[in-house]
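One structure is given below, encoded as structure tokens.
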Amino acid sequence: MTPGLKIEELLCFSVYSVNHAISRLYRPLLAPLGLTYPQYLVLVALWDRDGRRVNELGAELQLDSNTLTPLLKRMETAGFLTRRRNPDDERSLIVALTEKGRSLQDKAGDLTTCVLDAMGGDLSELAALRDQLHSLRDRLDKG
């Protein structure tokens, strides 16, 4: 490590600590809905495109099956989604929202407002930051 380098100067630590801060922000907002932050991300992906194969969902969320499968099983037990064999390919599973899972989408609108307010409320600034982070991630993935 470079002499004199401090933890707060590391970009990797900044991203890591912001990730934790965002998780802490969401925790009390999601608790009344009976959701964890990763479960919320699954729902957001399914609200966008319901009825997908597990591997497609994992690719979008950047989660491997060892992480995603137990998460989906817990969500199925809680009644948010179903997992069923793909009729076109018995080796894969299709994940679909239940009515309970769909109904949370309306409640999630309030979450977005709270989160945006906590982050300073400047939508264009936050969108630009998000785009920069996506660009950085894409460069690292190519690396």
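For this structure, a couple of remarks:
- Number of residues in region 52-98 that are part of a loop (DSSP other than H, G, I, E, B), closer than 21 Å to LEU35 by Cβ and over 14 Å from the mean Cα position of the chain (by Cα): the value is 4.
- Filter result for GLU125 (over 19 Å from ARG49 (Cβ atoms), in a strand (DSSP E or B) and either of a type in the set (Asp, Glu) or touching a helix residue (DSSP H, G or I) at 6+ places or on another chain (Cβ under 7 Å) (or both)): no
- Selection from region 70-93 of residues that are out of contact with any strand residue (DSSP E or B) (no Cβ under 9 Å at 6 or more places or on another chain) and either modelled with pLDDT under 95 or within 13 Å of VAL42 (Cβ to Cβ) (or both): PRO70, LEU71, ARG74, ALA78, ASP88, GLU90
- Flag if LEU126 is within 22 Å of ARG24 (Cα to Cα), surrounded by 14 or more Cβ atoms within 10 Å (Cβ to Cβ) and free of Cβ contacts under 8 Å to residues at least 24 places away in the same chain: yes
- Members of region 20-49 that are buried (at least 16 other Cβ atoms within 10 Å of the Cβ), touching a residue at least 12 places away in the same chain (Cβ under 8 Å) and either outside any helix (DSSP H, G or I) or among the small types (Gly, Ala, Ser) (or both): LEU35, ALA45
- First in region 91-104 and surrounded by fewer than 18 Cβ atoms within 10 Å (Cβ to Cβ), second anywhere and of a type in the set (D, E, K, R), Cβ under 7 Å, 6 or more apart: SER92/ARG53; ALA96/ASP50
- The set of residues in region 105-123 being surrounded by 12 or more Cβ atoms within 10 Å (Cβ to Cβ) and under 15 Å from ALA21 (Cβ atoms) consists of CYS114, VAL115, LEU116, ALA118, MET119.
- Members of region 50-90 that are of a type in the set (Lys, Arg), touching a residue at least 40 places away in the same chain (Cβ under 8 Å) and surrounded by fewer than 18 Cβ atoms within 10 Å (Cβ to Cβ): ARG53
The values are calculated or read from the model by the stated rules, or taken from the named source; none is laboratory data. If you're wondering where the values come from, they're calculated on a predicted model, not measured in any experiment. Virtual Cβ from ideal backbone geometry, glycine too; neighbours counted across all protein chains shown.
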